[in-house]
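Engineer: Would you mind keeping the following structure in view while I ask a few things?
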Amino acid sequence: MTLFNATALGAFQLKHRVVFDPILSEWSHVELENYFEKLNPDGGLVLVPPACSTLPNKAQKRVIDRLHALNDSIVFAQVCDDGSPIDSLSQNLAYSASKKIDLGYDGVEINIGGPMLQKILDETSDPSTAVATILKVISAVATLVPTDQVGIRLVPFSNVESQQQPLEFFCTLIESIASQLPTLCFVHVVAHARFDDFEYPRNASLDEFRGALASASHSIAFISADAYESETASTIAARTQDLVAISLPAEIDLNLITTLRQGAPYEIAEVTADRLNAIRSTFQTGKEYVLEWPSEQKRKVFGAMDDLDRYLGELDPALSYEGTDKKVVWRKSCWFASEGISHPFLDTEKAIAAFDGDLHDGLAGLQALQDPSVRQSMVYLKNVLDSALVTTSAAVGIDKDMIQRCTVRYRIIKYTAHAGNPGGIGLHPDGNLLSALITNGDGLRVYDLDGTVRYPGYNGTIMMGGSTLYRWSQGHYPPTFHDVTTNKDQVKVSIVAFFNFPDLVTIPRALNSGSASDGGFFHDIRVIKEDDKLPHGQLSPLWDVIIDKHQLVLPPAVTAK
């Protein structure tokens, strides 16, 4: 079978196997109506997101009628936790689902993930009880909506209770649901992570979930989603019986089926394209770029930073290293790490020891994750930082496959003045590929190559290029020279994500600007950090410019020349 073969979805007939799964968060009513006025699903399944529930009933009916008129497309409404207490969740969800059917939707998709799953896990004593509670919720919906008009949505790789649930839990859940509700319409498994500008594929096999469903039912459809490109979507369709869900590209490309048939690359949103261009041009001058937060995200970020402040207050302080200007500062610090973007934190001493030589602060981070509040806040901040790293990586030409191979270390720091005197971290560029910084106080200063000193503030995620990016790009992207100052009364908290290529491997060079190079760049982080300190190292010409333009006292390494 191909992606464009007609197929049955329970009692429904689809003209192809592409599922439209737009999220449409924070879209206005006008934007939502305009989107569905122009969308052409061409006889496929459309999953209408919760964002559309705010539309007046008449507007929702117009959306449904128009989609039905487009080659008999099928329209399901997603229903999810409305914040009800666990005791009334089943009843309220069933009522909400039945009202969607009354409006004219062909069916409903129950989102068993995020807040709903966390609530159920919080309220139940063990996984088997959680499975039973979820079954109760779905069965309640099935009393008011025919089962063959009900689908379920699972997000097994997301963080619930600030950590991932074992995949066996979801396999057991799928088997139980399929056994108890054999005429269910579909099971939809979402593997990818969604960030501000891009989706990030998990690249994980979904065969365990397919197998769990097949062991209990051969009639329930399986919908897979993992940020598939055109080619990958076609491969999945050829290898499996899946319907294939497309999310972010379905929001941007209103003629997605034509794009998929042509095997063409997906479009990106105009606002994203503008942001990538802005980052690229800013990094070419060695400056930082700030990805500003919307007001609600800013509130959540500072709330999470307060949790880190509370935890770091319990740790013993240590003096920072002396920078080029001999400044020092008391700081309380620990670090966390993950194997990559959207991966969970490393959670064993063995994994921490293998990741970095600073075992003391790594173990302090491991201990911090035992605090539920700290873990939850770290997971949230990690998502904000990861999103900024994905966007910036795309801007500077790091391809998707390589982004997934990069590692991330997250260091949290609470700064206080040394002996009541002003202090800080001396002028330097970071030695890694990219740095993403969140802070809740002033003090970061960026030294431009043109002699300007700027203060980025703390209203967004601050992105800076490192000396590894400079080397990999063959000087196309100079590193960001910066220092940190603290006054005698200041206490602030920062979290910085250090993003690095995999070590001791050759990294292809290819920039979005179209330039390409020889055979690649061999990444050896130890050699890079040592060379950064050498008087005749690759950074010395940049140091000469910085020192001259800013009329600074020469660093010891440069003096040695």
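Engineer: Please go through segment 334-371 and pick out each residue that is among the aliphatic types (A, V, I, L, M) and outside any loop (DSSP other than H, G, I, E, B).
Structural biologist: Within segment 334-371, the first condition is being among the aliphatic types (A, V, I, L, M), and the residues that meet it are 337, 341, 346, 351-354, 359, 363-364, 366, 368-369.
Once the filter is applied, which keeps residues that are among the aliphatic types (A, V, I, L, M) and outside any loop (DSSP other than H, G, I, E, B), segment 334-371 yields Ala337, Ala351, Ile352, Ala353, Ala354, Leu359, Leu363, Ala364, Leu366, Ala368.
Engineer: So which of Lys400, Lys326, Lys300 is of a type in the set (D, E, K, R), within 28 Å of Gly460 (Cβ to Cβ) and at pLDDT below 95?
Structural biologist: Lys400
Engineer: Same structure again: For residues that are under 23 Å from the mean Cα position of the chain (by Cα) and in a loop (DSSP other than H, G, I, E, B), scanning just segment 27-57, find the one that is surrounded by the most Cβ atoms within 10 Å (Cβ to Cβ).
Structural biologist: Checking each candidate, the answer is Pro49.
To keep it simple, each residue is scored yes or no on (1) at pLDDT 95 or above; (2) under 19 Å from the mean Cα position of the chain (by Cα); (3) farther than 30 Å from Leu45 by Cα; (4) of a type in the set (Phe, Trp, Tyr).
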position: Asn255; (1), (2), (3), (4): no, no, no, no
position: Leu260; (1), (2), (3), (4): yes, no, no, no
position: Glu267; (1), (2), (3), (4): no, no, no, no
position: Ala278; (1), (2), (3), (4): yes, no, yes, no
position: Thr282; (1), (2), (3), (4): yes, no, yes, no
position: Thr285; (1), (2), (3), (4): yes, no, yes, no
position: Tyr289; (1), (2), (3), (4): yes, yes, yes, yes
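Engineer: Let me ask something else about it. Could you check how many residues of segment 97-134 are more than 24 Å from Ser53 (Cα to Cα) and part of a helix (DSSP H, G or I)? Walk me through it before giving the result.
Structural biologist: Here is the first cut: in segment 97-134, the residues more than 24 Å from Ser53 (Cα to Cα) are 121-133.
Filter once more, keeping what is part of a helix (DSSP H, G or I): 121-123, 127-133.
So the answer is 10.
Engineer: A further question on this structure: Take the residues in segment 460-497 that are within 19 Å of Asp356 (Cα to Cα) and surrounded by fewer than 24 Cβ atoms within 10 Å (Cβ to Cβ), then tell me which one is nearest to the chain's Cα centre (by Cα).
Structural biologist: My answer is Val496.
Engineer: Shifting gears a bit: Checking the condition more than 20 Å from the chain's Cα centre (by Cα), on the phi > 0 side of the Ramachandran plot and outside any loop (DSSP other than H, G, I, E, B), which residue from Gly457, Gly424, Gly451 passes?
Structural biologist: Only one candidate passes the filter, namely Gly424.
Engineer: Filter segment 2-28 for residues that are charged (D, E, K, R) and either modelled with pLDDT of 95 or more or outside the structural domain of Ile223 (by TED's automatic domain parsing) (or both) and give the result.
Structural biologist: Residues satisfying the conditions are Lys15, Arg17, Asp21.
Engineer: Taking the criterion of being in the same structural domain as Gly340 (by TED's automatic domain parsing), surrounded by 13 or more Cβ atoms within 10 Å (Cβ to Cβ) and in contact with a Pro (Cβ under 8 Å, 6 or more places away or on another chain), would at least one residue in segment 500-520 satisfy it?
Structural biologist: yes
Engineer: Moving to a separate point now. Please specify each residue of segment 372-397 satisfying the condition of being within 17 Å of Pro502 (Cα to Cα) and either modelled with pLDDT under 95 or not in a helix (DSSP H, G or I) (or both).
Structural biologist: Scanning segment 372-397 gives a single hit, Gly397.
Engineer: Quick check on this structure: which one of Tyr447, Tyr455 is in contact with a helix residue (DSSP H, G or I) (Cβ under 7 Å, 6 or more places away or on another chain) and either modelled with pLDDT of 95 or more or not assigned by TED's automatic domain parsing to the domain that holds Thr348 (or both)?
Structural biologist: Values: Tyr455 fails: in contact with a helix residue (DSSP H, G or I) (Cβ under 7 Å, 6 or more places away or on another chain).
None of the other options fit; the residue is Tyr447.
Engineer: Considering only segment 209-245, state which residues are crowded, with 16+ Cβ neighbours inside 10 Å, not hydroxyl-bearing (Ser, Thr, Tyr) and not in a helix (DSSP H, G or I).
Structural biologist: Ile220, Ala221, Phe222, Ile223, Ala225, Asp226, Ala227, Glu229, Asp242, Leu243, Val244, Ala245, listed by residue number.
Engineer: On to the next question. Quick one: in segment 63-92, of everything that is of a type in the set (S, T, N, Q) and touching a Leu at 6+ places or on another chain (Cβ under 9 Å), which residue is nearest to Cys52 (Cα to Cα)?
Structural biologist: My answer is Gln78.
Engineer: Given the criterion at pLDDT below 95, assigned by TED's automatic domain parsing to the domain that holds Glu175 and not hydrophobic (A, V, I, L, M, F, W, C), identify the matching residue among Asp106, Asp87, Asp148. Spell out how you get there, then give the answer.
Structural biologist: On the way: Asp106 fails: at pLDDT below 95; Asp148 fails: at pLDDT below 95.
None of the other options fit; the residue is Asp87.
Engineer: Do you know which residues across segment 532-549 are modelled with pLDDT of 95 or more and in contact with a Gly (Cβ under 6 Å, 6 or more places away or on another chain)?
Structural biologist: Lys549
Engineer: Then there is this: Which of the numbered conditions does Arg331 fail, given that it passes all the others? Conditions: (1) over 25 Å from the mean Cα position of the chain (by Cα); (2) touching a residue at least 24 places away in the same chain (Cβ under 8 Å); (3) in a loop (DSSP other than H, G, I, E, B); (4) more than 30 Å from Asp207 (Cα to Cα).
Structural biologist: In the conditions (1) over 25 Å from the mean Cα position of the chain (by Cα); (2) touching a residue at least 24 places away in the same chain (Cβ under 8 Å); (3) in a loop (DSSP other than H, G, I, E, B); (4) more than 30 Å from Asp207 (Cα to Cα), Arg331 misses (3) alone.
Engineer: Can you name every residue in segment 9-26 that is crowded, with 17+ Cβ neighbours inside 10 Å and free of Cβ contacts under 8 Å to residues at least 60 places away in the same chain?
Structural biologist: Hit for segment 9-26 is Lys15, nothing else.
Engineer: For Tyr410, only one of the following conditions fails: (1) assigned to a strand (DSSP E or B); (2) at positive phi. What is its number?
Structural biologist: The one condition Tyr410 does not meet is (2).
Engineer: Mind listing whichever residues of segment 58-84 are within 16 Å of Val141 (Cα to Cα), crowded, with 17+ Cβ neighbours inside 10 Å and either among the β-branched types (Val, Ile, Thr) or at pLDDT below 95 (or both)?
Structural biologist: Val79, Cys80, Asp81
Engineer: So, one more: Could you figure out which of (1) basic (Lys, Arg); (2) buried (at least 17 other Cβ atoms within 10 Å of the Cβ); (3) out of contact with any Cys (no Cβ under 9 Å at 6 or more places or on another chain) isn't true of Arg411?
Structural biologist: Condition (3) is where Arg411 drops out.
The values are calculated or read from the model by the stated rules, or taken from the named source; none is laboratory data. All figures in this text were calculated on a predicted structure; none of them were measured in a lab. Quick reminder, even Gly has a Cβ in these numbers, built from the backbone with ideal geometry, and neighbours come from all protein chains shown.
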